[in-house]
Amino acid sequence: MTLGSDVSRLTTTAASAAAKGLSIVVPVYNEAAGLAMLHERLTGLADTLMTRYGLATEVVYIDDGSADNTLAIARTLKADGLDVQVVSLSRNFGKEAALMAGLDHARRGAVLFMDGDGQHPPDMIEKLVSHWIDDGYDVVYTAKAHRDNESATRRFAVRSFYALINWGARQKIPEDAGDFRLLSPRAATALRQLPERNRFFKGLSNWIGFRQIRVDYEPAPRAHGVTTFSPGRLIGLSIEGLTSFSVAPLRFASLLGILLALSAFIFGLTILWEVWTTGKQVPGYPSLMIGLMTIGGVQLIMIGIVGEYIGKILSELKARPIYFVAEHTEKRADGEAAASERTAAE
Ligand code: UDP
Ligand code: MG
C-alpha cells in the first residue's frame, strides 16, 4: 500500500493531453437571462479549439437549484460541435458543491471552471488552453489584474484573509486568484482524490502542486442580475475557507493566549515591585475588572474558533454527500445518441 498517489501516467505532452479533450464546467444559479448567450459563445469557442488544437470539448452546466427557468433553458441548449451535459442539483448547495459536481461529471481529460454570469470572458479560454497544451502547465489560474473598483474595506478584508490563511503555510494561496481556471488531466485527477467534504476549491487546486501559472484578467461586469455573494455571505465563506483549509486561526489563538499570559505576568511583576518599593497598596478594582473582561472575552472568541473546527470534524464525520443530482441529461455532439435522462438521485 502506498500512502501517496501517482497520477504521472496522465502526462501532459501536447499530443496525449489534447487527445482526451476538455470539459468546461459552468455552475449556474438563476442565470436564465444570459445562459443562451453564453452557450453560443462556448459553441464558437469549441469550434476554434477543434481547428487549432484538435481538442474535443464538452460543457457541463450544473444547475445549482435555480429558482428561475435556468434549467428549462439549459435543457434546450444544442450540442452543436460540443457535448452538452446538464446536471441539476436537488436544491441550492452553493458554488463549491456545484463545482465539485462538475468535476465529478466531467468526462474529458482537462477541466476548466468558469462562472455562468459572463464575468469570466470566454475569449480567454484559448489563452488558458495554450498555456496548458503549448507550455505544459497543469494549473492555469486567473487572477484579477487589480481591485480598483472595490472599496478599501473590502480590499483590506481580502488582504487580511489571505494573510491569515497563508500564515505559516508551505504552499501559499495566491491573493486575487479566482475560480476561473484550467486543470490538466493529471491535476484534475489529483483534485478528485482529495477526500474532504468541506471544500475550499481555490485552496485545494493550489495545494495539489504541479506546474502552476497565473494569468491576469480584467473581470467583465456581470452580464445581468446581481451577485449572490453579499458581504455577510462572503464573511461566512471566508470562515468556511479558513477553517476547512488551514489551522492558522488555532495557532493565532494559542499565540494570543501566550501574549496575554505574558503581559499579565509582567503586570503582576510591576505590581509586586511597586508594593515592594513604595509599600503602598495598589488600588485593584479597575485593573481587576479589565483583566477579567479581557480574559473572558478572549476565551469566548477562542472557544468559538475551536467550535468552528469541531463543527468541521462533525460534518466530515457525518460524511453526507456534498450534493444530490435530481436530473442529468446529456447530448453528444454527433447528435446520434439522443438525450439520455436519469431522474434518480445519484
Ligand atoms: N453560483 C452557484 N451557486 C450559488 C451561487 C452562485 O452555482 O449558490 C454560481 C453563479 O451562477 C455564477 C457563479 O457561481 O455562475 C458566481 O456567482 P456570482 O456571480 O454571484 O459571484 P461573484 O462573481 O460575485 O463572485
Ligand atoms: Mg459573478
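Where a number appears in this text, it was derived from the coordinates with a stated rule and is not lab data. All values reported here derive from a predicted model rather than from experimental measurement. Virtual Cβ from ideal backbone geometry, glycine too; neighbours counted across all protein chains shown.
Taking 7 Å along the Cα-to-C-beta vector as the label spot, tell me the A67-W167 distance in nanometres, rounded to one decimal.
3.8
So which DSSP H runs in the chain come out at 30 Å plus along the axis (Cα) with average Kyte-Doolittle of at least 1.0? Display every interim value, and only then the final one.
Values: long enough: 32-53 (31 Å, 0.30); 248-278 (44 Å, 1.54); 285-318 (48 Å, 1.10).
The qualifying helices are 248-278, 285-318.
If contacts are Cα pairs under 8 angstrom and at least 6 residues apart, what is the relative contact order of the chain in percent? Intermediate values should be presented prior to the final figure.
Details: 537 pairs, mean separation 74.8, N = 346.
With pairs under 8 Å counted, the relative contact order is 22 percent.
Which value in deg cm²/dmol, rounded to the nearest 500, describes the helix-derived mean residue ellipticity at 222 nm for the chain, given -39,500 (n - 2.57) per DSSP H run of n ≥ 4 and division by the residue count? Write down the numbers at each step before the final one.
Values: 11 runs with 165 residues, N = 346.
So the helix-based figure for the chain works out to -15500 deg cm²/dmol.
Would you please give the residues with an amide H less than 5 Å from that of V59, counting only those at least 5 places away or on a separate chain, with H modeled from the backbone geometry?
Close amide H contacts, sequence-distant or interchain: I24, D83, V84, Q85.
Is the stretch 178-228 rounded, prolate or oblate when judged by the Cα gyration tensor, a ≥ b ≥ c being the square roots of its eigenvalues, rounded requiring a/c under 1.5 and prolate requiring a/b larger than b/c?
Details: a/c = 2.82, a/b = 1.59, b/c = 1.78.
Taking the square roots of the gyration eigenvalues as a ≥ b ≥ c, the stretch 178-228 is oblate.
Does a label point 7 Å from the Cα of D176, set along Cα-to-beta-carbon, have any residues of the stretch 209-245 with amide nitrogen under 16 Å, and which are they?
213-220
I'd like the FRET efficiency for F267 and L194, computed as 1/(1 + (r/R0)^6) with the beta carbon distance as r and R0 of 51 Å, rounded to 0.05.
Numbers: r = 46 Å, r/R0 = 0.91.
FRET efficiency, F267 to L194: 0.65.
Want the number for E150 to R332: 0.36 nm per residue separation, take away the alpha-carbon distance, what's left? It would help to have the intermediate numbers written out before the result.
Numbers: separation 182, 0.36 × 182 = 65.52 nm, distance 4.18 nm.
Value of the extension gain: 61.3 nm.
Work out the FRET efficiency for R52 and F229 from their Cβ-Cβ distance, taking R0 = 35 Å, and round it to the nearest 0.05.
0.50
Could you state the principal axis extents of the C-alpha atoms in the chain, from the largest down, to the nearest angstrom?
So the extents along the principal axes, rounded to whole Å, are 97, 48, 42.
Past the 23 Å Cα-Cα mark, which pairs from K144/K312; K95/K144; K95/K312; K20/K95?
Working: K144/K312 30 Å; K95/K144 19 Å; K95/K312 18 Å; K20/K95 26 Å.
Pairs exceeding the cut-off: K144/K312; K20/K95.
Apply 1/(1 + (r/R0)^6) to the Cβ-Cβ distance of I239 and E274, taking R0 = 51 Å, and write down the FRET efficiency to the nearest 0.05. Intermediate values should be presented prior to the final figure.
Details: r = 43 Å, r/R0 = 0.84.
The formula returns an efficiency of 0.75 here.
In the chain, what % of DSSP beta bridges are antiparallel (nearest 5)? Present the calculation step by step, with values, prior to reporting the outcome.
Working: 16 of 39 bridges.
DSSP beta bridges in the chain are roughly 40 percent antiparallel.
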